[in-house]
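These notes concern the structure reproduced below.
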Amino acid sequence: MDDVEKHSHMTNKHSLELFSLAGKVIVVTGGAGLLGKVFCEALSIAGASVAVVDIDEGAAKATAAQIGKSTKASAMGLGCDVTSPDSVASMVSAVTKEFGHIDVLVNNAASKSSNIDAFFSPFEEFSLETWREVMAVNVDGMFLVAQAVGKQMKQHGSGGSIIQTSSIYGVVAPDQRIYEGSQYNGRSINTPAVYCASKAAVNGLTIYLASYWASDGIRVNSLTPGGIESGQNDVFKEKYSQRVPLGRMGQATELVGALIYLASDASSYVTGQNIIIDGGLSAW
């Protein structure tokens, strides 16, 4: 069956079948985190076998066990330091040993550093040490995992989909006015420059890899959330919501539709794109 016949056949499938992930093997880094847990569960419900990958191996295994219990899907939990080439190689090896291959990578791991006070320091006082620590996960880790999984996809020869979690602040600058009186879990917050720079780098890596691996049938796209409600105080939520045409913050579950779209055959002709889910914030 040539490409024209293949895609003609796909248009004759029931539309919902295009979104099925049955039989697909998906790796989710940062899989035990705020977004990662939601992503892993949703992908499992859609039919995928999921490798929950996280720096916290215990949390990864617990998340996988919960998914297996609630969805009856195949799930495995793995510890992995995405800043370590050896750790990433071991993770990919373990996943392929268990499932045979990898169809989809959700390149989602990110860090606020080991020192949260340093992470929220003003730009004028922000340390190079903290900058490099965040970049090591948000950029180096993204590169290492994409490299290792993309290589496996290329060797397997069946194409694949890589979905890289970015942020609206990799596209637009944060409005500094919303942070006066704003807190997250009781702590005064801001959005530091390292976060914006690292997420902009994710978008650059995405378009490069989309072109680089296109001939191998590997699609690469960015998934860009706007502000997700998760523990911000009312001051922040009100100020942020005033910047959004839909008038509110998002919920993690509202990213799931785009995630499944990008992971599935429904997006077979989509690559090199940044899917922004921000309630319209970037439209203003």
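Kindly provide the set of residues from region 251-268 that are surrounded by 20 or more Cβ atoms within 10 Å (Cβ to Cβ) and more than 13 Å from the chain's Cα centre (by Cα), ordered by number. Across region 251-268, the qualifying residues are Ser264, Ser267.
Residues in region 41-66 that are assigned to a helix (DSSP H, G or I), open to solvent by 80 Å² or more (accessible area, probe 1.4 Å) and not acidic (Asp, Glu): Ile45, Lys61, Gln66. Every residue in region 193-250 that is in contact with a strand residue (DSSP E or B) (Cβ under 6 Å, 6 or more places away or on another chain), open to solvent by 20 Å² or more (accessible area, probe 1.4 Å) and outside any strand (DSSP E or B), please. Of everything in region 193-250, those that are in contact with a strand residue (DSSP E or B) (Cβ under 6 Å, 6 or more places away or on another chain), open to solvent by 20 Å² or more (accessible area, probe 1.4 Å) and outside any strand (DSSP E or B) turn out to be Asn203, Gly231, Asn233. Taken over region 269-284, the criterion of being of a type in the set (A, V, I, L, M, F, W, C) and surrounded by 16 or more Cβ atoms within 10 Å (Cβ to Cβ) is satisfied by Ile275, Ile276, Ile277, Leu281. Exactly one residue out of Ala252, Ala201 is in contact with a helix residue (DSSP H, G or I) (Cβ under 6 Å, 6 or more places away or on another chain), touching a residue at least 40 places away in the same chain (Cβ under 8 Å) and within 25 Å of Ser127 (Cβ to Cβ): that is Ala201. Within region 41-49, one or more residues are farther than 17 Å from Leu255 by Cβ and of a type outside the set (Lys, Arg). Residue under question is Val134, and the condition is that it be among the β-branched types (Val, Ile, Thr), closer than 28 Å to Phe19 by Cβ and surrounded by 18 or more Cβ atoms within 10 Å (Cβ to Cβ); does it hold? Judged against the criteria, Val134 is not a match. Scanning region 25-40 for residues that are in contact with a strand residue (DSSP E or B) (Cβ under 7 Å, 6 or more places away or on another chain) and either free of Cβ contacts under 8 Å to residues at least 60 places away in the same chain or open to solvent by 40 Å² or more (accessible area, probe 1.4 Å) (or both) yields Ala32, Cys40. When Ser111 is tested against (1) within 24 Å of Asp56 (Cα to Cα); (2) surrounded by fewer than 18 Cβ atoms within 10 Å (Cβ to Cβ), only condition (2) is not met. Checked against the criterion of being charged (D, E, K, R) and exposed (fewer than 13 other Cβ atoms within 10 Å of the Cβ), the candidates Asp117, Asp103 yield just one match: Asp117. Pairing each residue of region 175-198 that is touching a residue at least 40 places away in the same chain (Cβ under 8 Å) and within 20 Å of Glu124 (Cβ to Cβ) with any residue that is polar (S, T, N, Q) and in a loop (DSSP other than H, G, I, E, B), provided the two are 6+ apart or on different chains, yields C-beta distances under 6 Å for Tyr179/Asn190; Ile189/Ser182. Of all the residues in region 228-250, those that are of a type in the set (Gly, Ala, Ser) and either farther than 21 Å from Leu34 by Cβ or under 17 Å from the mean Cα position of the chain (by Cα) (or both) number 3.
The values are calculated or read from the model by the stated rules, or taken from the named source; none is laboratory data. Model, not experiment: these values are computed from the prediction. Ideal geometry is used to build each Cβ from the backbone, glycine not excepted, and the neighbour counts take in all protein chains shown. In case anyone asks, the SASA skips ligands and DNA or RNA and just uses the protein heavy atoms, side chains included. Shrake-Rupley method; radii C 1.70, N 1.55, O 1.52, S 1.80 Å.
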